[in-house]
Amino acid sequence: MVAQTRTPRSTWIDAGLAALAAGGPDAVRVDLLAQKLGVTRGGFYWHFPSRKAFLDEMLDVWEHRSTDETLDRVEKEGGDARDKVRRAGMLTFSAELLPIDLAVRDWSRRDRAVAKRLRRVDNKRIEYLRAMIASFIDDADEVEARSLLAFALAIGGHFIAADHDGRPRKQVVERATRHLLK
């Protein structure tokens, strides 16, 4: 007799995060996820008592990956404060995490609980940014202004569709980052 294998909890969560990134919270449906994973929906209910519990756990995982895991990795890899700021930005807004982050931001406009969680995540991110910038800038007002601008560049840059007078966008963002971190 062959032992029955359950789809791991982490597989459900990763599939849910991918669905969230692709289509928002309405795309996170048990039937659709089960179909995509090639399993029955019963496996879902083995791990999660409800869709709401699943969504909450997905957000827990997103929060952990985009703050704790990211900042731990930045600190382990070391470097000066400027290097850490750049690395934190690259990891936080990586190809893996950016689509989820943008979907959570959109979702937070319609759900107070998600907005509260997003505020917590953003506060953790900007606190780290402040600490790094404060290590080479003494003026608290300047630290706050640069932190806000750097954070706005990292997040808002993904919503700007403007051309840059023939310059590659990556080059313009790198130059703007250098200005903020001098």
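In degrees from 0 to 90, rounded to the nearest 10, what is the angle of the helix 169-180 Cα long axis to the longest principal axis of the chain?
The angle comes out near 60 degrees.
If you average the sequence gap of Cα pairs under 8 Å that are 6 or more apart and divide by the length of the stretch 1-122, what percent do you get for the contact order?
Result for the stretch 1-122 is 27 percent.
What order, most packed first, do the peptides 61-68, 89-96, 36-43 have when packing is the mean number of other Cβ atoms within 10 Å of each residue?
The peptides rank, most packed first, as 61-68, 89-96, 36-43.
Can you give the relative contact order of the stretch 52-180 as a percent, counting alpha carbon pairs under 8 Å and 6+ residues apart?
It rounds to 19 percent for the stretch 52-180.
Could you work out how far apart the two model spin labels at H64 and E142 are, taking each label as a point 7 Å from the Cα in the direction of the beta carbon, and quote it in nm?
4.0 nm
For Cα Rg over 2.2 N^0.38 Å, the listed values are (1) 1.21; (2) 1.44; (3) 1.15; which was obtained by calculation from the structure presented?
Calculated Cα Rg over 2.2 N^0.38 Å: the matching label is (1).
Under the Karplus relation 6.51 cos²θ - 1.76 cosθ + 1.60, θ = phi - 60°, what is the ordered set of whole-Hz ³J(HN,Hα) values for the stretch 102-117, x standing for Gly and Pro?
Taking θ as phi minus 60°, the curve returns 5, 5, 5, 4, 5, 4, 5, 5, 10, 9, 4, 5, 5, 4, 5, 5 Hz for the stretch 102-117.
Within the set of other residues whose C-beta is less than 12 Å from the C-beta of K182, count the net charge using Lys and Arg as +1 and Asp and Glu as -1.
Details: positive: R82, R146, R175, R178; negative: E142.
Residues close to K182 contribute a combined charge of +3.
Looking at the chain, how many pairs of lysines come closer than 21 Å at the Cα, when each pair is eight or more places apart or spans two chains?
Step by step, the pairs that qualify in the chain add up to 9.
Based solely on its DSSP helices, what 222 nm [θ] is calculated for the chain when runs of n ≥ 4 H residues each add -39,500 (n - 2.57) and the sum is averaged over all residues, nearest 500 deg cm²/dmol?
Computed mean residue ellipticity for the chain: -21500 deg cm²/dmol.
Any read-out appearing in this document is the output of simple, stated calculations on the displayed coordinates, not a laboratory observation. Small disclaimer: the values here were computed from a predicted structure and weren't measured. When we count neighbours, we look across all protein chains shown, and the Cβ atoms used for this are built from the backbone with ideal geometry, even at glycine.
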